[in-house]
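Presented below is the structure to which this report refers.
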Amino acid sequence: VGGFRARWRGLGASILYHALHGFVTNLLASFLGFGLLGNALCYIFTSLALMRVHMIWTHSMIAHPTNKSLFARFVPRKQCRVLLLPTLVHPVAQQATFILPLAVAIAMGLGPDMMASKPHGHPDSISDDASPHKQGCAMMLNLLRLLAVPTTSLFVALAVLLPASVTLTRLEATLLPEDETTLVPFDREAIVSEEINPTVRGASPWRSFDSAARLRLVKLYVKMVMAQLAVAFVGFHVVLAEMYLIGGERIGELAKALGEVAREAHKSEGSVPQ
């Protein structure tokens, strides 16, 4: 549907939304200067301000091509009130996916100098005179600390961010004008009830996104990531083959020289008196 240009459906609206979002967020953050939490608040505020632009992006992705101008595609403000709560929850979940793992990392004392900062005799330190059992326990403890950060991020993404994103998209789809048709037909009554209460309208699509639907979406994301990794893997080897054909011997000599430099640097660091 839409010919060759259909492959880039929604690209213009996506560029417009992200450009405006990045500009406004950075502008507010530079004026306020509240640090990490201030940037998160600016991000959330900007998402609320650009709520209708984000909906145009969604409509461009799910609907047939239209000849309407950009301003004619804006949904009236009164109809957008039901999006206030989902639009608020979505950026909050996005920021929580980043801030909560960072807070866990800080609470766990993770950092590049994690091992070096431990004094001798500390249960988490690894020294030459420590017993193998003590070294194994310390390494296992540090491994658990490292795994706590991505585990927190994954949990927030699956438990909060994923349903929040789906809820926002489904509600935006229900606000598509009646004179436009979607590429894939769907029942609007099955997503939201006929209640006018915004709380009910926002909670209904969240509850209808059950575990089975969540699992299907996660599988789709996994397939997309695997496809991207496969393309990157093939492209990487194609580039390596081209580099080898162009100057394989020179690249080998360069790699050997870099290896010798790295070994000399390692030896010089080891010879420095403590």
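To the nearest µm²/s, what D does Stokes-Einstein give for the range 12-84 at 37 °C and 0.692 mPa s, using the Kirkwood radius over alpha carbon pairs as Rh? Please report the intermediate quantities before stating the final value.
Numbers: Rh = 13.4 Å.
Answer from the Stokes-Einstein relation: 244 µm²/s.
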> How do Cys42, Cys137 rank when sorted from fewest to most other Cβ atoms within 10 Å of their own Cβ?
Replying inline: Cys137, Cys42
>> Based only on other Cβ atoms within 10 Å, what is the fewest-to-most ordering of Ile56, Ile44, Ile99?
In response: Ile99, Ile44, Ile56
> Roughly speaking, what is the stretch gain from Leu215 to Leu32, that is 0.36 nm per residue apart minus the C-alpha to C-alpha distance, in nm to one decimal?
Replying inline: 61.8 nm
> Which one of Leu229, Val218, Gly259 has its Cα pushed farthest toward the positive end of the charge dipole of the range 215-274, where Lys and Arg give +1 and Asp and Glu give -1 at the Cβ?
Replying inline: Val218
> Cα to Cα, under 20 Å, and not fewer than 8 places away if on the same chain: which lysines meet these conditions relative to Lys256?
Replying inline: Lys267
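Any read-out appearing in this document is the output of simple, stated calculations on the displayed coordinates, not a laboratory observation. This is a predicted model, so every value here is computed, not measured. Neighbour counts are summed over all protein chains in view; Cβ atoms, including those assigned to glycine, are modelled from backbone coordinates with ideal geometry.
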